[in-house]
Structure formats: structure tokens, C-alpha cells
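Structure, as C-alpha cells:
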Amino acid sequence: MSVEDWAEIRRLHRSEGMPIKAIARVMGVGRNTVRRALVAEGPPKYQRVRRGSKVDAVESQIRELLRAYPRMPATVIAERVGWEHGITILKDRVRELRPLYLPPDPAGRTQYRAGELAQCDLWFPPVDIALGCGQFGRPPVLVMVTGYSRVITAMMLPSRQSPDLLCGHWELLRGWGVVPRVLVWDNESAVGKWRAGKPELTTAMNAFRGMLGIKVVLCRPADPEAKGLVERANGYLETSFLPGRSFGSPADFNDQLTTWLVVANSRTHRSLGCRPVDRWDADASAMLELPPTPPTVGWSAAVRLGRDHYVRLDANDYSVHPSVVGRKVTVSADLNMVRVHCNSVLVAAHQRCWAAHQTISDPAHVEAAAQLRTRHRLTAATVPVDDAVTYRDLADYDRILGLGEEAAS
């Protein structure tokens, strides 16, 4: 009996009020068929009659082996029972029987509390970015994902060195306006390393987290599942953000990425069953506020400015006003600007160059250096030359040495 016949029999009986005998006559089926359709709890299902299998003859032996060794491979079981037929049907039966002899091992679902943590990682997009000066590269992208809401934020950095990494961290956190209580990292050298069986953060990261009042957790080596959220976010960026895009500069990359993340965080997250932005308010309200005193991030160094009046930062040389040659200056830099101060007076300001081994000169500095060199040449003291040379008589040397007296005697 088909599902269609079953449904029609029930309609005739319930809606039309027809008796069983009349339904059997109209449908052309037996009365017992009508009775079974009326008392059935659901529509009929087709079930194929199971035929015998060659494995049935050795099933009892398979069960004994699995009872003693639940994880014994099917190939070994085939050898033990003397199996001489195709291995596929034996594997299918072993796969069906094995769970009966294994202890239950349910998987655990990780749950995150609101405001609890954010996972961090560096993603290296497989695309060449124009860095300027004819150079191309693949700078790292700092990616952060919150555990509760799954909100993603990211930014391309000039390098993976500690000053740039912490500067990028601070920029992303300022964009959120709040700070997660825990940041989860892997063994990134600028963050920390596992040594002698325990994690050790770098001095810079300890200073950074101390200002924020948070904890930084270092995952154990070779444990990517410990930060699976950000690993999946990296894959999402690579498959959904990169295809079909081109980038004229790192700034262009960051602009496009920022625009795309607004859309990405507004899409329904499969694991959550809702959009990350729908959970962001609850996540952010449970996080910490930004500290009243921001942490010190970026590059910073104190040097004495040489006659060359250039300072080096991250493989590039930047000009400084030559009026402070020979004096101590402080070089500081963030992701965008390089600044030089002398006694709190700004003596240089340059856009940061992402290309390597370049010399960046301010025309005003070059002109000032030329003027100072000219002035120095004009005011240089001339050393007077005395042309009057006195010649001593040779007899004086004879008298001093007593040679004249000896000659006379």
C-alpha cells in the first residue's frame, strides 16, 4: 500500500464517513488493508527485506574479538577469523558492531561567557601588497575574535615585531571601546614562549596587559584547536574576503577589510544561529573599560643625532632637522607616523614607510642642512701662515755639542 492510498483511505473514512466495506470496494483493496490503514500511527514505510550476508557466519567470532579488544582494526579481525571474501562488507559489519563494545565518549561543547576572552592570531594573506618604492610583500594581519559573540576585528601591520603587534592590539581594542578579560595567543615570539614546561610572556606584553588589567593565555605548542575560533576566522577571511579583490597599498587593504568586517559581523553565524552583532552588546557590557591611561605602545628609542642627521627605524632612515645635530633625540613611531623630538620639541615627522631599506628625507631638512654647511664654510677661521723662517747657524750646533773645541785640540 502506497502513502497516497493510505492517505485516501483515511480521508474517505474520516471526512466522508464511508464504512470499511465501501472503502475497500472504491479503492480496490482488501478490508484488512483498510483496517490496517485506519489503525496505523503513521504512513507506511518501505522496508527492504534483509537478505543473509556472508559475514553472518563469522559474526559471533567478530563479537568475541571486539569484546576483548574493542579497537582492533577490521583488517586484523579479518585475519583472525580467516576471512577470504571482500573486505568492504566485513568492515561495514565491524563498524556497526564496534560501538556496542566501546565505552561512550561524548564530545564536549566549549561555551564562552560574555566578556570572557578573545582569541588572537597573525594571518598572512596569500596576496602581494604594494608597499611603495617598487616593493611588494605580504605583511601580517592581526585578527581577534571574541568568544561569546564571535565578532571579528582585524588590521594589517607593518611587521610582526613587538612594537607593531602591541600597537595594532591597542588600535583594535580602541575600536571596540572595551577590553576582553583574557587574550588567547599561541607561541608568537613577540607575545611569549613556552619554556621548561611553562609559559613566559615577553616584558613588553606583560607591561601591556598590566596597563589593561587583563590576562594573556599562551596555548601549548602544536595545539591549534585551543584557538579554533580565530583559526576558522582566518580561513573565513581567506575564502570570503580575498577572492576577487586587489589592493593598491596596506592602507587600501585595511580600508576594504574594515568595510567588509561590518558585513561579515552582520551575517548569521552557523554555530550561534544568530548574527555576531546581535550578541555584541551583552559581550561588550561584560568586558572591562579602557584604562584611563593608555598603555605605551609602538617604537621608542633615544639616540644622539650624528652629523648625518638621519635616524634609523625598522630598516629605514628618516631625516631630522640638522639644528639638533650632536644632541640627544627621542624617536617614536606608531603604525602610521614616525616622529622625532628634542627636549619635547618636534624636530621631524614622517609618514611611516612600509618598504625596506629606504631613505626618507624632508625637503626642509635637506635645505636647512645645505644652508648650515654654507654658513660654516663662510665663517670658518682662517689660520695665519708665517712665512718668516729663522735658520740657525751650524756653528751653534758645534758649540752646543762641543765639536768645535775637540776639533781645535
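The values are calculated or read from the model by the stated rules, or taken from the named source; none is laboratory data. Because the structure is predicted, anything quoted here is derived from the model rather than measured. Every residue, glycine as well, gets a Cβ built from its backbone with ideal geometry; the counts of neighbours run over all protein chains shown.
Among the residues in segment 294-308, are any loosely packed, with under 13 Cβ neighbours inside 10 Å, under 24 Å from the mean Cα position of the chain (by Cα) and not charged (D, E, K, R)? Yes. In segment 351-366, the residues that are free of Cβ contacts under 8 Å to residues at least 60 places away in the same chain and assigned by TED's automatic domain parsing to the domain that holds Ser319 form Cβ pairs under 6 Å with partners that are among the hydrophobic types (A, V, I, L, M, F, W, C) and surrounded by 14 or more Cβ atoms within 10 Å (Cβ to Cβ), at six or more places apart or across chains, as follows: Ile360/Cys353. Please indicate, with yes or no, whether at least one residue in segment 1-16 is surrounded by 15 or more Cβ atoms within 10 Å (Cβ to Cβ), touching a residue at least 40 places away in the same chain (Cβ under 8 Å), in a loop (DSSP other than H, G, I, E, B) and not β-branched (Val, Ile, Thr). Yes, some residue in segment 1-16 is surrounded by 15 or more Cβ atoms within 10 Å (Cβ to Cβ), touching a residue at least 40 places away in the same chain (Cβ under 8 Å), in a loop (DSSP other than H, G, I, E, B) and not β-branched (Val, Ile, Thr). Taken as a whole, the structure places Pro139 among residues that are modelled with pLDDT of 90 or more, assigned to a loop (DSSP other than H, G, I, E, B) and in contact with a strand residue (DSSP E or B) (Cβ under 8 Å, 6 or more places away or on another chain).
Could you check, for segment 173-184, whether at least one of its residues is assigned to a helix (DSSP H, G or I) and surrounded by 18 or more Cβ atoms within 10 Å (Cβ to Cβ)? For segment 173-184, residues assigned to a helix (DSSP H, G or I) and surrounded by 18 or more Cβ atoms within 10 Å (Cβ to Cβ): present. Any chance segment 249-270 includes a residue that's surrounded by 13 or more Cβ atoms within 10 Å (Cβ to Cβ), basic (Lys, Arg) and free of Cβ contacts under 8 Å to residues at least 24 places away in the same chain? Within segment 249-270 (the criterion being surrounded by 13 or more Cβ atoms within 10 Å (Cβ to Cβ), basic (Lys, Arg) and free of Cβ contacts under 8 Å to residues at least 24 places away in the same chain), the answer is no, since none of the residues qualifies.
Answer yes or no as to whether Val76 is touching a residue at least 12 places away in the same chain (Cβ under 8 Å) and either over 55 Å from the mean Cα position of the chain (by Cα) or part of a helix (DSSP H, G or I) (or both). Judged against the criteria, Val76 is not a match.
Is it the case that Gln111 is in a loop (DSSP other than H, G, I, E, B) and either surrounded by 11 or more Cβ atoms within 10 Å (Cβ to Cβ) or outside the structural domain of Ser240 (by TED's automatic domain parsing) (or both)? Answer is yes for this residue. Residues that are hydrophobic (A, V, I, L, M, F, W, C) and not in a helix (DSSP H, G or I) within segment 199-219 comprise Leu201, Ile214, Val216, Val217, Leu218, Cys219, listed in sequence order.
Scanning segment 287-345 for residues that are under 19 Å from Pro163 (Cβ atoms), part of a loop (DSSP other than H, G, I, E, B) and either of a type in the set (A, V, I, L, M, F, W, C) or touching a Lys or Arg at 6+ places or on another chain (Cβ under 7 Å) (or both) yields Val297, Ala315, Leu335, Asn336. Within segment 115-141, the residues that satisfy the criterion of being in contact with a helix residue (DSSP H, G or I) (Cβ under 7 Å, 6 or more places away or on another chain) and crowded, with 22+ Cβ neighbours inside 10 Å are Gly115, Gln119, Cys120, Asp121. Residue-level check: of (1) out of contact with any helix residue (DSSP H, G or I) (no Cβ under 9 Å at 6 or more places or on another chain); (2) of a type outside the set (Asp, Glu); (3) not in a loop (DSSP other than H, G, I, E, B), Arg98 misses just (1).
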